[in-house]
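Take a look at the structure set out below.
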Amino acid sequence: MIAEPINVTQTREWKKLKQDYEDLQKQGISLKKWFKEDPDRVNKLSFDVADFHIDLSKNLVTDQIIQDLVALAKAMHVEGRRAQMFSGVHLNTTEDRAVLHTALRRPVSDEGELIVDGQDVVKDVHEVLDRMYAFANDVRLGKWQGVTGKKITDVVSIGIGGSDLGPVMVYEALKPYANAGIAVHYISNIDPNDAAEKLKGLDPETTLVIIVSKTFTTLETMTNAREVRTWLLKGLKAQGYTGSDADATKHHFVAVSTNLKAVADFGIDPNNAFGFWSWVGGRYSVDSAVGLSLIIAFGPKIFEDFLDGFHTMDTYFVNTPIEENAVMLMGLINVWYNNFFGAESHAILPYNQYLHRFPAYLQQLTMESNGKSTRWDGTPVTTKTGEIFWGEAGTNGQHAFYQLIHQGTHLIPADFIAFVNTKNPTKDGDQDIHELFLGNFLAQTKALAFGKTADEVRREGTAEWMVPARCFAGNRPTTSIFGTDLTPKTLGELIALYEHIVFVEGSIWGIDSFDQWGVELGKQLAKQITPAFHDDKALAEQDASTQALIRFYRAHRH
């Protein structure tokens with residue numbers, strides 16, 4: 001039974017943090033001063049977590065504020081809720097489900113069985129993993145072939161939301177590890193342009209299609225699946241195939257789903273369906289069967305390393321006391337900015353081009369999880385919740401939106417992510433380009449923290465009237481997450497880091513971070529509206545604005 005959420009704003013600890021914030025405003029915030037007065041600040045606020053070095057020292061916190069944030073987490077029973085999540089308690093209250101994405105990466109030998117709702121979930125997970133590994137190896141080695149006997153060279157994965165964002169991000173992040181000569185193409189958008197562009201140049205005879213939909217009823221996914229099936233069957237026939245459509249479908253389509261009847265109705269052999277469980281939310285599912293395309297691209301060993309990274313971070317998070325736990329502290333500091341400073345957005349800035357889809361991945365993870373206005377018992381929230389996550393890779397962002405972060409009127413906390421080593425070391429003359437790149441990573445966090453004073457600008461000979469425009473206030477908070485190498489293991493660690501940050505924030509706010517009812521209404525209305533493009537009776541049932549837009553469509557459709 002889940003206890004009623006505590007009204008966090010009525011706790012002594014919340015009121016103490018409110019006083020901390022007011023005191024800061026009176027005294028003035030100066031990271032430059034704090035660093036000067038406390039030579040040990042960096043050591044106290046730096047943490048070695050798994051394969052990462054995490055530096056929190058450039059955040060707008062003092063020793064007292066950290067102490068008070070830890071006290072708040074204890075008052076809100078975050079540790080107990082953490083234990084409940086790992087043990088399979090039904091924390092997803094609106095759907096009455098356990099929240100067990102951590103079981104997806106738990107080794108069989110780790111602490112024995114985990115029985116939830118009468119099922120040994122770790123055993124279940126590894127049975128599916130073993131089946132996926134065997135299938136992926138068959139595809140990689142050419143034992144699984146297309147209906148005309150040719151080796152698979154391309155995989156098309158069809159999904160949306162968590163069934164797409166995670167696999168796409170990981171595929172892009174780990175491209176240097178693709179070693180089977182098999183390219184993966186991801187289709188998600190119901191816009192026909194997405195499928196058209198992704199299928200260009202592919203050979204139906206050597207293409208395998210994975211349909212990723214737990215229910216096998218997702219509108220976008222199943223619409224795209226039928227479109228791709230039509231493309232593949234037409235293409236095979238154009239190339240001289242004379243066999244049956246049913247045989248071709250069985251050779252070229254597999255499913256990630258638990259709805260075996262719908263899978264069979266589509267024409268896929270249910271033996272080629274790989275399932276996952278109700279306790280896995282879509283945005284937490286990349287390390288489940290949803291990652292089948294990744295196992296084909298990279299192989300089982302790489303995927304095992306990926307899972308090991310998740311588990312390494314899980315172990316750190318669950319076993320480390322709050323006051324020493326960098327993951328806990330990152331979540332608590334986000335609450336500090338959101339609820340006391342009024343910061344509404346959070347920038348994710350990976351200084352690694354392979355992570356260019358990571359900000360988009362985190363948008364779903366964080367905003368779908370914590371974009372809630374009711375608590376887990378159905379009562380209204382008592383604070384602002386959620387953060388608007390956004391970002392861009394590397395120096396690209398510096399030439400786009402960093403201006404606003406440095407000199408704008410919004411406070412935007414930012415996480416900078418970088419790696420000591422690169423897969424592609426290159427020099428420009430004597431200059432190591434990766435070091436030049438990392439120089440930018442370090443320079444940005446330094447500039448945001450410490451700024452540039454008017455006197456410093458004047459000493460450069462700047463005309464007085466231009467001095468204000470060239471000043472940087474500083475005191476713009478950043479967290480530096482520095483790894484050694486971007487590998488399958490460290491990527492798993494990085495994803496799990498943010499999964500647990502989301503959990504900490506949701507626990508403080510008293511919300512269910514694991515449902516997503518906000519996506520449902522639009523889906524329902526889309527089904528009601530679509531007939532109105534051609535049906536006057538359906539059109540008449542719409543609001544005036546929707547009617548006008550549909551009339552515009554009718555008037556201009558070629």
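Rule-based calculations on the coordinates, nothing more; no lab input. Here the structure is a predicted model, which is why all the values come from computation and not from measurement. Cβ coordinates were reconstructed from backbone atoms using ideal geometry, including for glycine residues, and neighbour counts include every protein chain displayed.
Below, the figures for the structure above:
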{"read-out": "Rh by Kirkwood over Cα pairs, then Stokes-Einstein D for region 194-297 at 0.890 mPa s and 25 °C, µm²/s", "value": "171 µm²/s"}
{"read-out": "Ranked THR9, THR249, criterion: other C-beta atoms within 10 Å, fewest first", "value": "THR9, THR249"}
{"read-out": "Rounded tilt (10° steps) of 63-75 against the dominant C-alpha axis of the chain", "value": "50 degrees"}
{"read-out": "Inter-probe distance in nm under a simple model that places probes 7 Å from Cα toward Cβ, at ASP430 and GLU520", "value": "6.6 nm"}
{"read-out": "Nearest-ten-degree value, helix 520-529 long axis tilted from longest Cα axis of the chain", "value": "50 degrees"}
{"read-out": "Rounded to 10°, Cα long-axis angle of helix 488-509 versus longest principal axis of the chain", "value": "70 degrees"}
{"read-out": "Inverse mean reciprocal Cα-Cα distance (Kirkwood Rh) of the chain, Å", "value": "25.8 Å"}
{"read-out": "Full-extension gain in nm, THR148 to PHE341, via 0.36 nm per residue minus C-alpha separation", "value": "63.2 nm"}
{"read-out": "Taking TYR133, TYR354 and counting other C-beta atoms within 10 Å, the order from fewest to most", "value": "TYR133, TYR354"}
{"read-out": "Structure-based [θ]222 nm, the chain - -39500 (n - 2.57) summed over DSSP H runs of at least 4, per residue, nearest 500", "value": "-13500 deg cm²/dmol"}
{"read-out": "Rounded to whole Hz, the Karplus (6.51, -1.76, 1.60) HN-Hα couplings of region 147-164, x for glycine and proline", "value": "5, 9, x, 9, 5, 6, 10, 9, 10, 10, 9, 10, x, 8, x, x, 7, 10"}
{"read-out": "FRET efficiency, 1/(1 + (r/R0)^6) with R0 35 Å, evaluated for THR206 and SER278 via beta carbons", "value": "0.50"}
{"read-out": "Alpha-carbon centroids, region 176-203 and region 369-426: separation in whole Å", "value": "28 Å"}
{"read-out": "Stokes-Einstein diffusion coefficient of region 83-161, Kirkwood radius over Cα pairs, 37 °C, 0.692 mPa s, in µm²/s", "value": "214 µm²/s"}
{"read-out": "Theoretical FRET efficiency, 1/(1+(r/R0)^6), r = Cβ-Cβ of GLU4 and GLN119, R0 25 Å, to 0.05", "value": "0.35"}
{"read-out": "Alpha-carbon centroids, region 112-133 and region 501-537: separation in whole Å", "value": "30 Å"}
{"read-out": "Pair HIS126, SER373: separation of 7 Å Cα→Cβ label points (nm)", "value": "4.7 nm"}
{"read-out": "Inter-label distance for ASP485 and ASP63, nm, one decimal - labels placed 7 Å from Cα along Cα-to-Cβ", "value": "4.0 nm"}
{"read-out": "Neighbour-count ranking [beta-carbon atoms within 10 angstrom, fewest first] of SER285, SER157", "value": "SER285, SER157"}
